[in-house]
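Participant: I am attaching a structure below and will ask some questions about it afterwards.
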Amino acid sequence: MNDLLISLVLILVKLGLILGVVLTMAAYLVLAERKILGRMQLRYGPNRIGPGGMMQPLCDVIKLLTKEDFVPDRADKWIFLFAPGLTALAALLSFAVVPFSPPVTLFGREIPMVVCDLNIGLLYIFGLSSLAVYGVVLGGWASNSKYSLLGALRGLAQLVSYELALGLALVPVVMSAKSFSLNAIVMAQADWPNLLRHPLAFIIFMISITAESKRTPFDMPEAENEIVAGYHTEYSGMRFGLFFVGEYINLVVIGAMTTVFFLGGWHGPFLPPVVWFILKVLFVAFLFIWARGSMPRPRYDQLMHFGWKVLIPLALLNVVLSGAISLAVNS
Amino acid sequence: MTTVLFYILGFILLAATLMCITRRNPVHAVIYLVAGFFALALMFYLLGAPLVAAWEVIVYAGAIMVLFLFIIMMLGLAPQEVPEGPGWQRWLPLVLLSASLMACSLLIILQDPAAGQEIPDFYLAPQALGEALFSRYAMAVEMVSFQLLFATIGAFLLGRPLPKGEDQ
Amino acid sequence: MNLWRDIKGTLQPFWVTLGYLFKKPVTIQYPEEKRTPPPRYRARIVLTCNPDGSERCVACQLCSAACPVNCISMQAAEAADGRRYAAWFRINFSRCIFCGLCTEACPTMAIQTTPDYEICNRDVLKLVHEKEDLLIDGCGKDTEYNFYEHSGIGVVNERGGNEDEYGPVDPKSLLP
């Protein structure tokens, strides 16, 4: 009983820590994205509130909280109100299986630095990312607006198509780790990160995760200059804020996923493992912000063509190739 | 314990499916169906097959239902008018179903009824599952895939553009 | 090759944006840093004076007629010597679009634009400038021009009293 209580407290502490760190990171990624994009366009970005604009996220939250929570006429009210939560929730839940450090021994107890080391952790993340679609789709459908509906439709088709390529890109990773558990995947990269072992898989993964997370250049579901703001056109106040924060939590999740699957997780010389993990996550987040500053948005049909006709065959080829290579090396 | 939970989950599944087929709004029907799939996934987990439970959520709730929603939204099948009356009454069944699902999953986590059972290896390990699918159940897998192939060919035949001059 | 061109075209922008990331932004941080606008900048409108210090405006209404947003209004009055002036002159800066058409219409060079662009105010009524707010001591852009030195026959000076002006022809006399 005492043991159960201690492990419960440990889990709660870990949950609180992860929630705090992830939410702070998401809030400051918004600021970082605005500042980095600004510098890429030869402007400063927000720098008025606090030293260097550091209090900007706080002001944004206050602004969003004090705005009117508007429900459009003839919208499907309850689905409309509930949808933004789904997106943010699915993004937050993904962190339960992400290992951010090797186990730590404290007071004679070995504490795994992950909330729950599921042996099907990868499938869990996949399940959540496919459930995150529902927030977008139901929100867009319930708004009773053509732009929202179009955005939701685009999001749906895009997410379903690119999830295939995403899954196929991770097959070689699972092959070399021989497990679905994220902990085992990190452990398998102790000497070589998967980035060097499966470079093609890494490229396919990065492209399809960009589409999966609806980030520029693949932000069709919210293409501002075509369909206003896509699925969250009709949202205001904190419900829009939930979509927005969900997107940036998602960015942290992607960073963590890329780190775990390809960049070797917490492994790294000199610095403590947690620092390495956070540095790698921030680096991946910077990559995505960089891509947003550099790439134009392709046309929608180009996106679907690329996904189905280039990326998925390439991913299949990659699976076959890396299977053959690992078979040849092992035997 | 397992039996009781199994029947509770079965009841939730049936109730969700019943709600699904009686909804006039297809999007609401899909939401109930997804709730039903969650009950089904929990049932698999209860019986000691977490892999199948995960596939259930990923494939059925995550992909197939999403495609259903796509078709519904694409064809504009959902009715435009929203029925009068307070919305929470319409969603009360879903809230009840989800709450009982949550309670069931909490019970499963705390009790872990599948712990002491004899479970075939391929229920748990992905590698064993793959081996079982492609050796022991190879025939069934092949049959199902042929069925899917036939369905695809049939859909292609139905949907192909008609030759010129030929009428419906 | 097409594929090579596409890959290059995809990667090149990354290099460009990375370069911009380390350049100094061109933004001017406004309240702390201010740029000096050129002398002919069109911002706050003023009423200027003659070199001798008298008002230039003759209340001819041309500026108010030229104004596309009708933000200039005035009332004309006449001094004892017949010289016209504006009894009151009002510019509503909350409507002014700073197009400068009034300065082009003005025959006496009274109304002129200045480079002072910081005239925003929280109280909209404070943006309605009266004559005493608009009038300045100087001559503005032209320091020598005086309308009545050239025109306005017989109003301020005797006829023929201005420079470059002939006296009136005497129709009673046949002498050239």
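Only the coordinates and a few stated rules stand behind these numbers; no lab work does. These figures come from a predicted structure and were not determined experimentally. Glycine gets a Cβ as well: all are built from the backbone with ideal geometry, and neighbour counts include every protein chain shown.
Participant: What is the distance in Å between the Cα centroid of segment A:253-289 and that of segment A:130-201?
Facilitator: 18 Å
Participant: Quote the charge dipole size of chain A about the Cα centre in Debye, to the nearest 20; the model charges only the Cβ of Lys and Arg (+1) and of Asp and Glu (-1).
Facilitator: 600 debye
Participant: For a quick check: with amide H placed at 1.01 Å from N, whose amide H comes under 5 Å from C:Glu78's, ignoring anything fewer than 5 positions away on the same chain?
Facilitator: C:Tyr85
Participant: So, one more: Mean separation of Cα pairs under 8 Å and 6+ residues apart, divided by the residue count of chain A: what relative contact order is that in percent?
Facilitator: Reported relative contact order: 23 percent.
Participant: I've got another one for you. With the dipole of the protein assembly as shown worked out from charges on the C-beta (+1 for Lys and Arg, -1 for Asp and Glu) around the Cα centre, which of A:Ile111, A:Gln302, C:Phe98 lies farthest toward the positive end?
Facilitator: Of the candidates, A:Ile111 comes out farthest on the positive side.
Participant: Next question. Suppose every Lys and Arg Cβ carries +1 and every Asp and Glu Cβ carries -1, with no other charges. What dipole size does the protein assembly as shown come out with about its Cα centre, to the nearest 20 debye? Present the calculation step by step, with values, prior to reporting the outcome.
Facilitator: On the way: 49 positive and 52 negative charges, 221 e Å.
Charge dipole, the protein assembly as shown, about its Cα centre: 1060 debye, nearest 20.
Participant: Using only DSSP helix segments of four residues or longer, with each worth -39500 (n - 2.57), what per-residue ellipticity at 222 nm results for chain C after dividing by its residue count and rounding to 500? Present the calculation step by step, with values, prior to reporting the outcome.
Facilitator: On the way: 5 runs with 38 residues, N = 176.
Result for chain C, helices only: -5500 deg cm²/dmol.
Participant: Sticking with this structure for a sec: Please quote Rg/Rh for segment A:146-266 to two decimal places, taking the Kirkwood radius as Rh and restricting both calculations to Cα atoms.
Facilitator: 1.07
Participant: Right, next: Measure up A:Lys146/C:Lys8; A:Lys214/C:Lys8; A:Lys14/A:Lys77 against 27 Å on the Cα-Cα distance and list the ones that go over.
Facilitator: Long pairs (Cα-Cα over 27 Å): A:Lys146/C:Lys8; A:Lys14/A:Lys77.
Participant: Where does each of B:25-34, C:46-55 land if you order them by average Cβ count within 10 Å, highest first?
Facilitator: On the way: B:25-34: 20.4, C:46-55: 16.7.
Descending mean neighbour count gives B:25-34, C:46-55.
Participant: Using only the Cα atoms of segment A:232-331, build the gyration tensor, take square roots of its eigenvalues as a ≥ b ≥ c, and label the shape rounded, prolate or oblate: rounded if a/c is under 1.5, else prolate if a/b is larger than b/c, else oblate.
Facilitator: oblate
Participant: By the gyration tensor of its Cα atoms, with a ≥ b ≥ c the square roots of the eigenvalues, what is the shape of segment B:30-71: rounded for a/c under 1.5, prolate for a/b over b/c, or oblate?
Facilitator: oblate
Participant: Within a Cβ distance under 14 Å of A:Val22, other residues only, what is the Lys/Arg minus Asp/Glu net charge?
Facilitator: Net of charged neighbours comes to 0.
Participant: Under 5 Å between amide H atoms, partner at least 5 residues away or on a different chain: which partners does A:Val115 have, H built in plane at 1.01 Å?
Facilitator: A:Val98
Participant: With Cβ to Cβ distances under 14 Å as the rule, what net charge do the other residues near A:Pro172 carry (K, R +1; D, E -1)?
Facilitator: +2
Participant: Using a 10 angstrom Cβ neighbour count of at most 11 plus a DSSP loop assignment to flag exposed trypsin sites (Lys or Arg not before Pro), which longest range of chain C is free of such sites?
Facilitator: Longest gap between qualifying sites, sites excluded: C:41-121.
Participant: Cα convex hull of segment C:36-149: mean projected area in nm², to one decimal? Intermediate results must be reported in sequence, preceding the final value.
Facilitator: Working: hull surface 28.6 nm².
Across all orientations, segment C:36-149 yields a mean hull projection of 7.1 nm².
Participant: Which length gain, in nm to one decimal place, applies between C:Val16 and C:Arg35 when the Cα-Cα distance is subtracted from 0.36 nm times their residue separation?
Facilitator: 4.0 nm
Participant: Mind putting together the pair-distance distribution for the protein assembly as shown? All Cα pairs, 10 Å bins, whole percent per bin, short to long.
Facilitator: Each 10 Å bin holds this share of Cα pairs: 3, 11, 18, 19, 15, 9, 7, 7, 5, 3, 2, 1, 0, 0.
Participant: Next question, about the same structure. Tell me the angle of helix C:2-21 to the major Cα principal axis of chain C, expressed in degrees between 0 and 90 and rounded to the nearest ten.
Facilitator: Rounded to the nearest ten degrees, it is 60.
Participant: Follow-up question, since we're still on this one. Applying the Karplus parametrisation 6.51 cos²θ - 1.76 cosθ + 1.60 with θ = phi - 60° to the phi angles of segment B:48-54, what ³J(HN,Hα) value in whole Hz is obtained for each residue in order, glycine and proline being reported as x?
Facilitator: Going residue by residue, I get x, 10, x, 4, 5, 4, 5 Hz, with x marking Gly and Pro.
Participant: For the protein assembly as shown, what is the percent of antiparallel DSSP beta bridges, rounded to the nearest 5?
Facilitator: The antiparallel proportion sits near 95 percent.
Participant: Sticking with this one: Along the positive direction of the dipole of the protein assembly as shown (beta-carbon charges: Lys, Arg +1; Asp, Glu -1; about the Cα centre), which of B:Leu69, B:Met102, B:Gly159 reaches farthest?
Facilitator: Most positive-ward Cα: B:Gly159.
Participant: Want the number for A:Leu12 to A:His305: 0.36 nm per residue separation, take away the alpha-carbon distance, what's left?
Facilitator: Taking 0.36 nm per residue and subtracting the Cα distance, the gain is 101.0 nm.
Participant: Counting helices only, and only those DSSP H runs with n ≥ 4, report the 222 nm mean residue ellipticity of chain A as the sum of -39,500 (n - 2.57) divided by its residues, in deg cm²/dmol to the nearest 500.
Facilitator: Value at 222 nm, helices only, nearest 500: -22500 deg cm²/dmol.
Participant: Can you list the trypsin sites (Lys or Arg not before Pro) in segment A:211-290 that are in a DSSP coil and have 14 or fewer other beta carbons within 10 angstrom?
Facilitator: none
Participant: Through the Karplus equation 6.51 cos²θ - 1.76 cosθ + 1.60, θ set to phi - 60°, convert the phi angles of segment A:224-231 into ³J(HN,Hα) values in whole Hz; use x for Gly and Pro.
Facilitator: 4, 8, 10, 10, 6, 9, x, 5
Participant: In nanometres, what is the gap between the two model label sites at B:Ser135 and A:Lys146, each 7 Å from Cα along Cα-to-Cβ?
Facilitator: Once both label points are built, they end up 6.0 nm from each other.
Participant: By Kyte-Doolittle mean hydropathy of at least 0.5 and Cα axial length of at least 20 Å, which whole DSSP H helices of chain A are selected?
Facilitator: A:2-40, A:77-93, A:121-142, A:146-177, A:237-261, A:273-294, A:312-330
Participant: Now a separate question. Between the DSSP loop rule and a limit of at most 11 other Cβ atoms within 10 Å, which GluC sites (Glu not before Pro) in segment C:56-146 are left?
Facilitator: The qualifying sites are C:Glu118, C:Glu130, C:Glu144.
Participant: I would also like to ask the following. Report, by chain and number, residues whose modeled amide H sits under 5 Å from the one on C:Val128, excluding near sequence neighbours (fewer than 5 apart, same chain).
Facilitator: C:Phe93
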